[in-house]
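Down below is the structure, laid out as structure tokens.
No lab work stands behind these numbers, since they all come straight from the coordinates. As the structure is a computational prediction, the values presented were derived from the model and not from experiment. Here Cβ is always computed from backbone atoms with ideal geometry, including for glycine, and neighbour counts include all displayed protein chains.
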Amino acid sequence: MDQTKIAKEMKIVDRFVRVFCRHHHGTNGAGPCAECLDLIAYARKRLEKCPYDPKPKCKHCKTHCYRPDYRARMRAVMKFSGIYFVKRGRLDWLIRYVAS
């Protein structure tokens, strides 16, 4: 997978995790907590090692590369943050996610 696609995906993951962390861990703009930073780093490592090109959405992938605990955490982040952005009129994020 090329670096521009990885950077694009990581920008979305980073933004979603930061929103989740701010509302669930009370970090209030100070950056994500250690647990969320770990999730971001894990997501980057998994994304860089993805054998598929083009990369499918993780929920439709044949090979689940996330460990079950990280997968559950990422699912919770995506669910909360996706709803958060839609409620605040950020349909551009949703359209970008669905269209990719």
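General remarks:
- Placing a label point 7 Å from the Cα of D53 along the Cα-to-Cβ direction, the residues of the range 1-39 whose backbone N falls under 13 Å of that point are 1-6.
- The chain - Cys residues lacking any other Cys C-beta under 4.7 Å: C33, C50, C58, C61, C65
- Judged by the ratio a/c of the largest to the smallest principal axis of the C-alpha gyration tensor, the range 3-99 counts as oblate, that ratio being 1.5 or greater while a/b is no larger than b/c.
- Here the 3J(HN,Hα) profile of the range 24-29, calculated from phi with Karplus coefficients 6.51, -1.76 and 1.60 at θ = phi - 60°, is 9, 10, x, 7, 6, x Hz, Gly and Pro shown as x.
- For the chain, built as a Gaussian network whose Cα springs stay under 10 Å, the top-fluctuating residue of C21, C65, C36: C65
- Free of any trypsin sites (Lys or Arg not before Pro) that DSSP assigns to a loop and that have at most 10 other C-beta atoms within 10 Å, the longest stretch within the chain is 1-48.
- Subset of K5/K49; K45/K87; K5/K57; K49/K79; K59/K87; K8/K45 violating a 21 Å alpha-carbon distance limit: K45/K87; K49/K79; K59/K87
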